[in-house]
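Report on the structure given below.
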Amino acid sequence: MPAATLDAFLNSYLGEPDELRSAVVATIRQLTQAATTIRNTINQGVLGTAFAGTRSANADGDIQKDLDVFADDIFLDAMRHAPVALYASEELEQPVLLDRQAPLAIAIDPLDGSSNIDTNVSIGTVFSLLPATGAPDGNPAASFLQAGVNQLGAGFFIYGPQLALVLSLGSGTHVFVHSTRLGTFVQAYESRIIPQRTQEFAINAANYRHWDEAVRLYIDDCLEGTEGPREKDFNMRWIASLVADCYRILMRGGVFLYPGDKRKGYRQGRLRLVYEANPIAYLVEQAGGAATDTMTRILEIEPESLHQRVPMVFGSAREVARITRYHTEPSAIGERAPLFSRRGLFRA
């Protein structure tokens, strides 16, 4: 039996059409067209004009590359042809009002992992679909200051060896791969389930000295392998591309940690809640995993500002819960006796 196309999946989701579902379907179709354009540009590499160089910092203080701005322009233009009221992006200080009467708001990171652009590592686009809400005070950001549980759908495109779309509309997390032969996205994996247990973690170990004690102790225990309290060996991965790390975890399990740390500007984490953490958390939970800010469920956090940052841990549910215990009740972790008695492997 041939695999279903994305169009067939969206038609099944649509069922008896209503305004919100019809808007979601129309918006995803516009997003896929834009992502295909982005992929074609990425394939040109440094031979294309979009790789020309870097620009000034964006609204959130990160250095923009030309491809960041190019991707933002492509997606913004695509959303002008979708039933989207408001467009919020990492690259823009304020949301853009597109159509006051439209039912959706979209929050997007047009090009995640842009630090990897020059090194030919997988990068992507992350998006969150929210109901557009009225703002009594006229604040265009109000629609985005909703907890992630209110998302109507979320997903990401990953520009890697294949162009893939990871998508959830509230009934599982599905993976579609673009077929150049068919000219469309085809379902590759239906309702991915992240294994509850794992022996793989992703973290930037170069920041070890800046982490809080709970994070250092967790990593110490993993690194001690079969000789330590976990009694099993772990592998470490770190791509520095959120979509690539998430895709790997969806395929084979694992846990991702991007904690806050003691460096200036990092205490509250670095991932943006509205257009990075929320959509990733939605996809992970729909795949049976978990996502927290080390202690609180990501999807229950109410944003205070459009570009708010958060620490983030996501992946295999049991491992995420264990990391929470290291932060909230370390004495309850039975295999560490006592918890603070040993020096870490990275410490002299």
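Taking the helices alone, the chain has a mean residue ellipticity at 222 nm of -8500 deg cm²/dmol, built from -39,500 (n - 2.57) per DSSP H run of at least 4 residues and averaged over all its residues.
Label sites at Thr226 and Ala3, each approximated as a point 7 angstrom past Cα along Cα to Cβ, lie 3.7 nm apart.
Taking 7 Å steps out from each Cα toward its Cβ at Arg267 and Met295 produces label points 1.4 nm apart. Excluding same-chain neighbours fewer than eight residues apart, the aspartates and glutamates reachable from Lys262 by a Cα-Cα span under 13 Å are Asp212, Glu213. Normalising the Debye intensity of segment 124-270 to I(0), with uniform scatterers on Cα atoms only, and taking log10 at q = 0.11, 0.12, 0.14, 0.22 Å⁻¹ returns -0.60, -0.70, -0.90, -1.31.
What angle do you read, to the nearest 10 degrees and between 0 and 90, between the alpha-carbon axis of helix 66-79 and the longest principal axis of the chain? For 66-79 against the chain, the angle is about 50 degrees. Taking amide H as placed 1.01 Å from N in the peptide plane, the amide H of Lys65 sits under 5 Å from that of Arg55, each at least 5 places away or on another chain. Couplings 3J(HN,Hα) for segment 267-274, derived from phi with the Karplus relation 6.51 cos²θ - 1.76 cosθ + 1.60 (θ = phi - 60°), are 4, 8, x, 10, 6, 7, 4, 5 Hz, where x marks Gly and Pro. Basic side chains Lys and Arg get +1 at the Cβ, acidic Asp and Glu get -1 at the Cβ, and with that the dipole of the chain about its Cα centre reaches some 900 debye. Applying the Karplus relation 6.51 cos²θ - 1.76 cosθ + 1.60 with θ = phi - 60° to segment 144-160 yields 3J(HN,Hα) values of 9, 9, 10, 4, x, 4, 7, 4, 8, x, 7, x, 8, 9, 10, 9, x Hz, where x marks Gly and Pro.
When the trypsin sites (Lys or Arg not before Pro) in segment 124-213 are filtered for DSSP coil states and for at most 13 other beta-carbon atoms within 10 Å of their beta-carbon, the remaining sites are Arg181, Arg197.
Taken one residue at a time, the phi angles of segment 308-322 give Karplus couplings (6.51, -1.76, 1.60, θ = phi - 60°) of 4, 9, 9, x, 8, 10, 8, x, 4, 4, 5, 6, 4, 5, 5 Hz. Gly and Pro are set to x.
Database remark: amide H of Leu163 closer than 5 angstrom to the amide H of His178 (H placed geometrically; neighbours at sequence offset of 5 or more, or on other chains; Pro and chain starts carry no H).
What would the Debye formula give as log10 I(q)/I(0) at q = 0.09, 0.13, 0.15 Å⁻¹ for the alpha-carbon point model of the chain, no solvent? Log10 of I(q)/I(0), two decimals: -0.49, -1.00, -1.29.
Every number in this text was worked out from the coordinates using simple rules, so none of it is lab data. Note that this is a predicted model, so its numbers are computed, not measured. Neighbour counts run over all protein chains shown; Cβ positions are idealised from the backbone, glycine included.
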